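Remarks on the structure that follows.
The values are calculated or read from the model by the stated rules, or taken from the named source; none is laboratory data. Just so we're clear, the structure is a prediction, and the values are computed from it rather than from any experiment. Cβ atoms come from the backbone with ideal geometry, glycine included; neighbour counts cover every protein chain shown. Ligands, DNA and RNA are excluded from the accessible area calculation, which covers all protein heavy atoms including side chains. Shrake-Rupley method; radii C 1.70, N 1.55, O 1.52, S 1.80 Å.
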Amino acid sequence: QVQLVESGGGLVQPGGSLRLSCAASGIIFSIWHMAWYRQAPGKQRELVASISSGGMTTYTESVKGRFTISRDNAKFTVSLQMGGLKAEDTAVYYCQGTALRQEIWGQGTQVIVSS
């Protein structure tokens, strides 16, 4: 079964850290381009970070220097290490994979940054 399953969301105080993980199954993970998106209430879904099959990364400007995306092809996982969290990082975070003209999404994990 082809699927992505996110974990690691939760409630964190401003300035805190969280690590999101996305476990893939049913795909040849190493060839897939992986990304994290987020959607805040009332806003459009936006790309947060991506990592290519070769390990090249991109970040949206607002998270540069605070978030790090990584992948472990042996474990079929992609992670998003988030630090210096701000209230505006509050959103549902989604894992996405693309390859061979296919696209798959996880179910999302909620991140709430609040004191």
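Might you tell me the accessible area per residue for the chain, computed with a 1.4 Å probe and given in Å²? Show your work: numbers first, answer last.
Working: 6060 Å² over 115 residues.
About 53 Å² of surface per residue is accessible.
Taking the stretch 37-110, which trypsin sites (Lys or Arg not before Pro) meet the DSSP loop condition and have no more than 14 other C-beta atoms within 10 Å? List each step's numbers first, then the result.
Numbers: sites: ARG38, LYS43, ARG45, LYS64, ARG66, ARG71, LYS75, LYS86, ARG101; in loops: LYS43, ARG45, LYS64, ARG66, LYS75, LYS86, ARG101.
Here the trypsin sites (Lys or Arg not before Pro) that fit, given the DSSP loop and packing criteria, are LYS43, LYS64, LYS75, LYS86, ARG101.
For the chain, calculate the relative contact order in percent as a whole number, restricting contacts to Cα pairs under 8 Å that are 6 or more residues apart.
Values: 277 pairs, mean separation 42.1, N = 115.
Worked out over the chain, it gives 37 percent.
Can you put GLU46, GLU88 in order of accessible area, largest first, using a 1.4 Å probe? Mind showing how you got there, number by number?
Values: GLU46 70, GLU88 125 Å².
Descending accessible area places them as GLU88, GLU46.
Can you tell me which of 20-29, 76-85 comes out highest on packing, and rank the rest after it, using the mean Cβ neighbours within 10 Å? Display every interim value, and only then the final one.
Working: 20-29: 18.0, 76-85: 20.5.
With the highest mean Cβ count within 10 Å placed first, the list reads 76-85, 20-29.
Apply 1/(1 + (r/R0)^6) to the Cβ-Cβ distance of ARG19 and LYS43, taking R0 = 25 Å, and write down the FRET efficiency to the nearest 0.05.
0.60
Listed highest first by mean packing, meaning other Cβ atoms within 10 Å per residue, what order do 104-112, 89-97 come in?
On the way: 104-112: 17.0, 89-97: 21.3.
Going by the mean number of other Cβ atoms within 10 Å, highest first, we get 89-97, 104-112.
Given a 1.4 angstrom probe, I'd like the percentage of the accessible area of the chain that is carbon and sulfur, rounded to a whole number. Before the final figure, lay out each step's value.
Working: 3090 of 6060 Å².
Whole-percent figure for carbon plus sulfur exposure: 51.
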